[in-house]
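Chemist: Quick one: this structure, given as structure tokens, is what I'll be asking you about.
The values are calculated or read from the model by the stated rules, or taken from the named source; none is laboratory data. What you see is a predicted model, and the numbers here were worked out from it, not measured in a lab. Cβ sites come from the backbone with ideal geometry, for glycine too, and all protein chains shown count toward neighbours. When the accessible area is computed, the model is the full protein with side chains, heavy atoms only, and any ligands, DNA or RNA have been set aside. Shrake-Rupley method; radii C 1.70, N 1.55, O 1.52, S 1.80 Å.
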Amino acid sequence: MQFINFISELLRDPRGAIAAAIAMGPVAAYGFIFLIIFIETGVVFFPFLPGDSLLFASGFFAATGDFNIFVLLGVAWAAAILGDQCNFFIGHFLGRKIIESGKVKAMTPERIEKSEAFLDKWGRLAIFLGRFFPFIRTFVPFLAGMGGMAWHHFFAFNILGGITWSTLFTLLGYFFGGIPFVQKHFELLIIAIIVA
């Protein structure tokens, strides 16, 4: 129940959740960022976690000096790359069983079909492009593993996509988070990022 409350608070107020983690110390704060990004990208059961908005809010805190931007980027890169890699292997070894069990409610036939069409249309580039689409971001590596994509093809585009996606959203928060308009309407901008 505590985990559900935590996720609810994170979705409602990512800036407050990060501030609470920072108050616990740097190891907890960086660990918090790593864990959420890793779970969102690496565990097929959590496609609803706010990766984009969390990276943006983290970048904002780096601009205020609460995070070292270089350490933050390294943590975000590692979480994004390792998360997708984990998801690929889950799909490869357990994908069919998970889908047949029906326990992952987010994996509706429509979403699976949409993600598979995305993979079919864009091939390996889908691994890179999929990073920029919430929900699809979680399903693409899973389906790539389940569909038998060669690991070395997946790995190269996983690294490229993970670094590009996490850097983009973190630096957006870093460079634009300090603007008074952004600070005043922070929650609305987070919602806009999620909707977009």
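Chemist: What is the one condition in (1) open to solvent by 20 Å² or more (accessible area, probe 1.4 Å); (2) in a helix (DSSP H, G or I); (3) in contact with an Asp or Glu (Cβ under 8 Å, 6 or more places away or on another chain); (4) modelled with pLDDT under 85 that residue 22 does not satisfy?
Modeler: For residue 22, the exception is condition (4).
Chemist: For region 43-70, which residues satisfy the criterion of being in a helix (DSSP H, G or I), of a type outside the set (D, E, K, R) and modelled with pLDDT under 85?
Modeler: Taking region 43-70 and keeping what is in a helix (DSSP H, G or I), we get 51-63, 69-70.
From the residues that got through so far, the ones that are of a type outside the set (D, E, K, R) too are 51, 53-63, 69-70.
Those that are in a helix (DSSP H, G or I), of a type outside the set (D, E, K, R) and modelled with pLDDT under 85: 51, 53.
For every residue, the table says whether it meets (1) under 20 Å from residue 71 (Cα atoms); (2) among the small types (Gly, Ala, Ser).
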| site | (1), (2) |
| --- | --- |
| 126 | no, yes |
| 136 | no, no |
| 145 | no, yes |
| 159 | yes, no |
| 162 | yes, yes |
| 174 | yes, no |
| 188 | no, no |
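Chemist: Something else: Would a scan of region 89-98 turn up a residue that is within 14 Å of the chain's Cα centre (by Cα) and either open to solvent by less than 10 Å² (accessible area, probe 1.4 Å) or not aliphatic (A, V, I, L, M) (or both)?
Modeler: No, every residue in region 89-98 fails to be within 14 Å of the chain's Cα centre (by Cα) and either open to solvent by less than 10 Å² (accessible area, probe 1.4 Å) or not aliphatic (A, V, I, L, M) (or both).
Chemist: Looking only at region 154-186, count every residue that is out of contact with any helix residue (DSSP H, G or I) (no Cβ under 8 Å at 6 or more places or on another chain), assigned to a helix (DSSP H, G or I) and β-branched (Val, Ile, Thr) and tell me the total.
Modeler: 0
Chemist: Using beta carbons and a limit of 8 Å, which pairs, at least six apart or on different chains, have the first residue in region 38-55 and closer than 15 Å to residue 192 by Cβ and acidic (Asp, Glu) and the second one open to solvent by 10 Å² or more (accessible area, probe 1.4 Å) and at pLDDT 85 or above?
Modeler: Partner pairs satisfying both residue conditions: 52/169.
Chemist: Of all residues in region 1-19, which are at pLDDT 70 or above and not in a helix (DSSP H, G or I)?
Modeler: 13
Chemist: Okay, next question. Out of the residues in region 130-139 that are in contact (Cβ under 8 Å) with a residue 40 or more places away in the chain and at negative phi, which is surrounded by the most Cβ atoms within 10 Å (Cβ to Cβ)?
Modeler: For region 130-139, the residue satisfying everything is 138.
Chemist: Mind counting the residues in region 62-82 that are free of Cβ contacts under 8 Å to residues at least 60 places away in the same chain and of a type outside the set (Val, Ile, Thr)?
Modeler: The number of residues fulfilling the criteria is 8.
Chemist: What's the total number of residues in region 25-48 that are closer than 22 Å to residue 143 by Cα and either aromatic (Phe, Trp, Tyr) or open to solvent by less than 10 Å² (accessible area, probe 1.4 Å) (or both)?
Modeler: Qualifying residue count for the region: 11.
Chemist: Out of 163, 127, report the one residue that is surrounded by fewer than 22 Cβ atoms within 10 Å (Cβ to Cβ) and either of a type in the set (Val, Ile, Thr) or under 20 Å from residue 74 (Cβ atoms) (or both). Explain how you work it out, then say what you get.
Modeler: Values: 127 fails: surrounded by fewer than 22 Cβ atoms within 10 Å (Cβ to Cβ).
Being surrounded by fewer than 22 Cβ atoms within 10 Å (Cβ to Cβ) and either of a type in the set (Val, Ile, Thr) or under 20 Å from residue 74 (Cβ atoms) (or both) holds for just one of 163, 127, which is 163.
Chemist: Restricting attention to region 53-78, and to residues there that are closer than 20 Å to residue 188 by Cβ and open to solvent by 10 Å² or more (accessible area, probe 1.4 Å), which single residue is nearest to the chain's Cα centre (by Cα)?
Modeler: 56
Chemist: Of the residues 103, 114, 121, which is surrounded by 10 or more Cβ atoms within 10 Å (Cβ to Cβ), without any contact (Cβ under 8 Å) to a residue 60 or more places away in the chain and not in a helix (DSSP H, G or I)? Spell out how you get there, then give the answer.
Modeler: Working: 114 fails: not in a helix (DSSP H, G or I); 121 fails: not in a helix (DSSP H, G or I).
It is 103.
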